[in-house]
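*Asks:* Following this message is one structure expressed as structure tokens.
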Amino acid sequence: MQNIRPYVAELLGTFLLTLAVSLSIAVPSVIPTPAIAGLTLMIHVYVLGPVSGAQVNPAVTVGLWCVGKMKAKTALGYIVSQIAGALLVAPFLTLLQIIPVDAGASDSLAIGIGEALGAGLLVAGVCSVVYGKASGGQSGVTVGGSLFLGATIASAFGNGIVNPAVAIGLRSISLTYLLAPLIGGLIFAELYRWLVKAK
């Protein structure tokens, strides 16, 4: 029987990440949303990392698949689980009598570049862990910090989501928010692999 734990971990992790981002928007605090997202992902790396790698982002999954770190079937299962987890947030918030976030979406070259760059920086951080350049106690800080940096930069151009699954959960659905992070993740994963192998 196929081990479903990694897929459940990806669903749960993406649900919690989308929930954390949603609550940070619905109930604003002094902590900016990119920081909340980064802290949430950092915790995921330590808690869920041993189970699924705590990717919780289709851009990360696509990036790792394109450099041969995942099989296509597993990557597809991860992406389905991630989207399912993000989609569960709206009904959960409704159950709690909190209006689900509708972040809206628009398409522009600037937003696309911001989303691609932000997701790419996150994927580069993940690759540093996958390729053994940041390991052990450094892994969560590296990945969480990469998301914080990437989302902060992307926020200067648009919603700064850098995660197609979370974008769906926040109803920020457009070609830019769905495709740009995937393209950025793929480019930065290939670039990181080239840089590491060039040494």
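The values are calculated or read from the model by the stated rules, or taken from the named source; none is laboratory data. On a predicted model such as this, the values are computed, not experimentally measured, just so you know. Here the Cβ positions follow ideal geometry from the backbone for every residue, glycine too, while neighbour counts run over all protein chains shown. The protein model used for the area step is the full one, side chains on, heavy atoms only, and it has no ligands, DNA or RNA in it. Shrake-Rupley method; radii C 1.70, N 1.55, O 1.52, S 1.80 Å.
*Asks:* Considering the range 154-163 alone, what residues qualify as being open to solvent by less than 50 Å² (accessible area, probe 1.4 Å) and part of a loop (DSSP other than H, G, I, E, B)?
*Replies:* Those that are open to solvent by less than 50 Å² (accessible area, probe 1.4 Å) and part of a loop (DSSP other than H, G, I, E, B): Gly158, Gly160, Ile161, Val162, Asn163.
Matching residues to (1) hydrophobic (A, V, I, L, M, F, W, C); (2) at pLDDT 95 or above:
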{"position": "Ala116", "(1), (2)": "yes, yes"}
{"position": "Ala119", "(1), (2)": "yes, yes"}
{"position": "Val123", "(1), (2)": "yes, yes"}
{"position": "Val130", "(1), (2)": "yes, no"}
{"position": "Lys133", "(1), (2)": "no, no"}
{"position": "Gly137", "(1), (2)": "no, no"}
{"position": "Ser146", "(1), (2)": "no, yes"}
{"position": "Ala165", "(1), (2)": "yes, yes"}
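*Asks:* Right, next: Which residue pairs have Cβ atoms under 6 Å apart, sit 6 or more places apart or on different chains, and have a first residue in the range 86-101 that is over 17 Å from Pro28 (Cβ atoms) and a second that is open to solvent by less than 50 Å² (accessible area, probe 1.4 Å) and part of a loop (DSSP other than H, G, I, E, B)?
*Replies:* From residues that are over 17 Å from Pro28 (Cβ atoms), the pairs are Ala90/Pro100.
*Asks:* Among the listed residues Ala110, Ala72, Ala90, identify the single one that is over 26 Å from Asn3 (Cβ atoms) and surrounded by fewer than 16 Cβ atoms within 10 Å (Cβ to Cβ).
*Replies:* Matching residue, one of Ala110, Ala72, Ala90: Ala110.
*Asks:* Can you tell me which residues in the range 1-30 are in contact with a Leu (Cβ under 8 Å, 6 or more places away or on another chain), open to solvent by 70 Å² or more (accessible area, probe 1.4 Å) and farther than 18 Å from Ser52 by Cα?
*Replies:* The answer is Ile25, and nothing else.
*Asks:* Could you please let me know if Ala151 is surrounded by 16 or more Cβ atoms within 10 Å (Cβ to Cβ), under 25 Å from Val27 (Cβ atoms) and modelled with pLDDT under 95?
*Replies:* When the stated conditions are applied, Ala151 does not pass them.
*Asks:* Report, by residue number, each residue of the range 1-34 that is part of a loop (DSSP other than H, G, I, E, B) and either hydrophobic (A, V, I, L, M, F, W, C) or under 15 Å from Leu96 (Cα atoms) (or both).
*Replies:* Answer for the range 1-34, where residues must be part of a loop (DSSP other than H, G, I, E, B) and either hydrophobic (A, V, I, L, M, F, W, C) or under 15 Å from Leu96 (Cα atoms) (or both): Met1, Ile4, Val27, Val30, Ile31.
*Asks:* A further question on this structure: Being touching a Ser or Thr at 6+ places or on another chain (Cβ under 6 Å), within 17 Å of Val21 (Cβ to Cβ) and of a type outside the set (Asp, Glu) is the requirement here; does Ala75 meet it?
*Replies:* no
*Asks:* From the list Val126, Val51, Val141, pick out the single residue that is more than 17 Å from Arg171 (Cα to Cα), in a helix (DSSP H, G or I), open to solvent by less than 40 Å² (accessible area, probe 1.4 Å) and among the aliphatic types (A, V, I, L, M).
*Replies:* Val126
*Asks:* Another question about this same structure. Could we say that Ser29 is modelled with pLDDT under 95, of a type in the set (S, T, N, Q), more than 15 Å from Ile168 (Cβ to Cβ) and touching a helix residue (DSSP H, G or I) at 6+ places or on another chain (Cβ under 6 Å) here?
*Replies:* no
*Asks:* Can you name the condition, by its number, that Leu117 falls short on among (1) open to solvent by 20 Å² or more (accessible area, probe 1.4 Å); (2) touching a residue at least 24 places away in the same chain (Cβ under 8 Å); (3) farther than 28 Å from Gly68 by Cα; (4) of a type in the set (A, V, I, L, M, F, W, C)?
*Replies:* Of everything listed in (1) open to solvent by 20 Å² or more (accessible area, probe 1.4 Å); (2) touching a residue at least 24 places away in the same chain (Cβ under 8 Å); (3) farther than 28 Å from Gly68 by Cα; (4) of a type in the set (A, V, I, L, M, F, W, C), Leu117 misses just condition (3).
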